[in-house]
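Derivation of every value follows stated rules applied to the coordinates shown; laboratory data play no part. On a predicted model such as this, the values are computed, not experimentally measured, just so you know. Positions of Cβ are backbone-derived with ideal geometry, glycine not excepted, and every protein chain shown enters the neighbour counts.
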Amino acid sequence: MNPSSYFVFDDFARALENLENAFRNENDRYLMLTGETGVGKTWLCRQLNTVLDRCRHRVLYFSHARHLSATALVRVLATWMRLPTRRSHSETLQGLISALGEQPHQLLIWFDEAHELADETLLEAKALAESNLDDSCPVRILLIGMPLLRDKVQAIAPLWRRIVVREELTGLTFDELPPFIEYHFGPENLQRICQQGMHILFERARGIPGLVVPMLKKILAESKPDGPIDPFTLDDILQRWELT
């Protein structure tokens with residue numbers, strides 16, 4: 001198995017290219033990336049971080065956004081920028097806004113698990129992104145989360161209308177499943193699975209790469225080491241795997 005790299009499927013490549021182009025476009029203050037668990041959102045963000053211009057952008061990534069209140073967001077940003085925290089939240093916020101306007105680069109704030117963010121935190125992030133009356137854009141926001149993030153943000157109409165860049169990762173297509181298996185498990189294991197078995201695996205995993213890999217590991221572990229894998233045996237293994 002190839003554990004050290006990632007199979008770049010078409011949906012992934014499209015979303016990565018669109019987000020990269022959006023960050024190069026200074027007009028897009030808000031961006032959104034949604035997808036089911038295991039579809040590759042975090043890996044996409046890692047790849048995106050490597051291609052951004054470090055002279056123009058600095059990324060602050062929150063991996064567990066659900067623990068972040070509006071007050072905590074401002075305090076974390078102030079500490080990250082080595083600014084003193086004031087007696088009141090509003091004073092700290094104003095000092096932060098002033099400092100952000102003087103920075104030579106853009107601050108890109110990425111919230112993972114953003115579907116669990118409190119509404120007040122989303123609105124505080126919006127206030128930071130729109131803190132300047134001129135056309136400058138010192139802060140830009142990327143919201144990353146499950147598909148229900150769209151429903152959550154739609155309920156905050158002033159924010160939803162401003163998010164023009166909305167990308168969604170849906171996973172592998174059926175035609176991409178065989179090359180994905182060959183990439184991660186080798187051609188010899190690919191040849192052991194017939195077309196019917198491919199359909200069963202694809203439907204069970206819903207095309208999500210993060211499900212295909214552990215499912216196929218389980219199938220290979222419980223099958224004879226050589227020869228074709230019977231599709232009914234494959235289906236039985238996956239049924240038992242889902243119940244445990």
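Data overview
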| item | result |
| --- | --- |
| Pairwise label distance in nanometres, Q94 with R54, each label 7 Å out on the Cα-Cβ vector | 3.7 nm |
| Ratio of Rg to Rh over segment 114-232 (Cα coordinates, Kirkwood Rh, two decimals) | 1.22 |
| Amide N proximity, segment 25-63 versus V76 label position 7 Å along Cα-to-Cβ, cut-off under 16 Å | 59-63 |
| Nearby lysines by direct alpha-carbon distance to K152 (threshold 24 angstrom, same-chain neighbours under 8 apart not counted) | K41, K126 |
| Cα-based helix-to-principal-axis angle, 41-51 vs the chain, degrees rounded to 10 | 60 degrees |
| Size of charge dipole - the chain - debye, nearest 20, with Cβ of Lys, Arg +1 and Asp, Glu -1, no other charges | 880 debye |
| Under 17 Å from K224, Cα to Cα: aspartates and glutamates that are on another chain or at least 8 residues apart | E188, D235, D236 |
| Computed [θ] at 222 nm, helices only, for the chain once each DSSP H run of length n ≥ 4 contributes -39500 (n - 2.57) | -15000 deg cm²/dmol |
| Environment charge at S63 (Cβ cut-off 9 Å; Lys +1, Arg +1, Asp -1, Glu -1) | -2 |
| Principal-axis tilt of helix 231-243 within the chain, Cα atoms, nearest 10 degrees | 40 degrees |
| Residue-span extension gain [D236 to Q154] - 0.36 nm each, minus C-alpha spacing | 25.4 nm |
| Student exercise, segment 174-243 dipole from Lys, Arg, Asp, Glu Cβ charges, in Debye to nearest 20 | 200 debye |
| From the coordinates shown, percent of Cα pairs over 34 Å apart corresponds to which of [x] 31; [y] 13; [z] 36 | [x] |
| C-alpha long axis of helix 10-24 to longest principal axis of the chain, angle in ° | 10 degrees |
| Total formal charge among the other residues, if their Cβ is under 15 angstrom from that of K224, Lys/Arg +1 and Asp/Glu -1 | -3 |
| Choice from R166, R86, R58 with maximal GNM fluctuation in the chain (Cα, 10 Å cutoff) | R86 |
| Global form of segment 174-243, assessed from the alpha-carbon gyration tensor, a/c cut-off 1.5 | rounded |
